[in-house]
Amino acid sequence: LIMIPLCLFMVIFDEMMREKIDKLRMGMQLLGTQDNAYWASWVITAQVLNIYMAGLMIMVGRTYEFDIFTKTPSWVFFFLFFLVSTAYLSMACFCVTIAETRSQAFSVNFTMILCSMLINMILSEPTVIKKVFFNTNLTPTMYFLTQLFYFVPCFQFGKMFGDIANVACAQFDIN
């Protein structure tokens, strides 16, 4: 499920980098486009795609009758996908301002997707999150390192999805 926000990140980041590398933004500035209008257009475009993808994901989950989607109100998943995707989109805007070349853009994009997938796979089990991140016996260094994960959208997604799954699918049903 983390692929939905990552796909949005990848598409928006690639398109914004293409505009930057091809110097289309400079051309727009020469024609009178202001910086805030440029960024506002990208934010609006990204949020429209975000709403569409979140709604589509919920419809697919309900159509195929996955328990977690049928036992959870739609607005909960909508906000989960919307907030995580918005966090990834803000990271895409930040990364665009840092990357200068196509190779840097490719490296940033690949690294973000790979790290997000690895973190999500490792921390997808809620008991791992509880043992590592909510352990009261952590050393100060480990406590600091675990606090850094709160700035990573895939960690937030895994934590929220695990909490939703624990509440919605608490009982086991063979049928």
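Values in this text are rule-based calculations from the coordinates and carry no lab data. Not measured: the values here are computed from a predicted model. Note: ideal-geometry Cβ built from the backbone for every residue, glycine included; neighbour counts use all protein chains shown.
Bridgeable lysines around LYS131 (alpha carbons under 29 Å apart, same-chain partners fewer than 8 residues away excluded): LYS71, LYS159. For the pair PHE144 and VAL60, label points projected 7 Å from Cα toward Cβ lie 4.1 nm apart.
Compare the peptides 18-29, 80-91, 134-145 by average per-residue count of other Cβ atoms within 10 angstrom and give them in order, highest first.
In descending order of packing, they fall as 80-91, 18-29, 134-145.
Were the residues from THR136 through TYR52 laid out at 0.36 nm apart, the gain over their Cα-Cα distance would be 26.2 nm. Note that the range 84-175 shows a convex hull volume over its alpha carbon atoms of 132 Å³ per residue.
Cross-link partners for LYS130 among the aspartates and glutamates, with Cα-Cα distance under 13 Å and sequence neighbours closer than 8 places in the same chain left out: ASP163. Extension gain for ASP163-ILE68 works out to 33.1 nm (0.36 nm per residue, less the C-alpha to C-alpha distance). In this label model, SER90 and VAL11 are separated by 2.2 nm, measuring between points 7 Å along each Cα→Cβ vector. For the chain, the residue among THR141, MET28, SER103 whose Cα projects farthest onto the positive side of the dipole built from Cβ charges is THR141.
The convex hull drawn around the Cα atoms of the range 125-175, when projected onto a plane and averaged over every direction, covers 4.3 nm². In straight-distance terms, cross-link reach from LYS23 covers every one of the aspartates and glutamates whose alpha-carbon lies under 18 Å from its own, apart from those fewer than eight places away in the same chain; here that gives ASP14, GLU15, ASP35, GLU100. Placing +1 on each Lys and Arg Cβ and -1 on each Asp and Glu Cβ, with no other charges, gives the range 1-114 a dipole about its Cα centre of roughly 40 debye. Sorted from longest to shortest, the spans of the Cα atoms of the range 22-175 along the three principal axes equal 63, 45, 24 Å.
Restricting to Cα pairs below 8 Å that are 6+ residues apart, what does the relative contact order work out to for the chain? Please round to a whole percent. Walk me through the numbers before you get to the answer.
On the way: 115 pairs, mean separation 56.2, N = 175.
Relative contact order of the chain: 32 percent.
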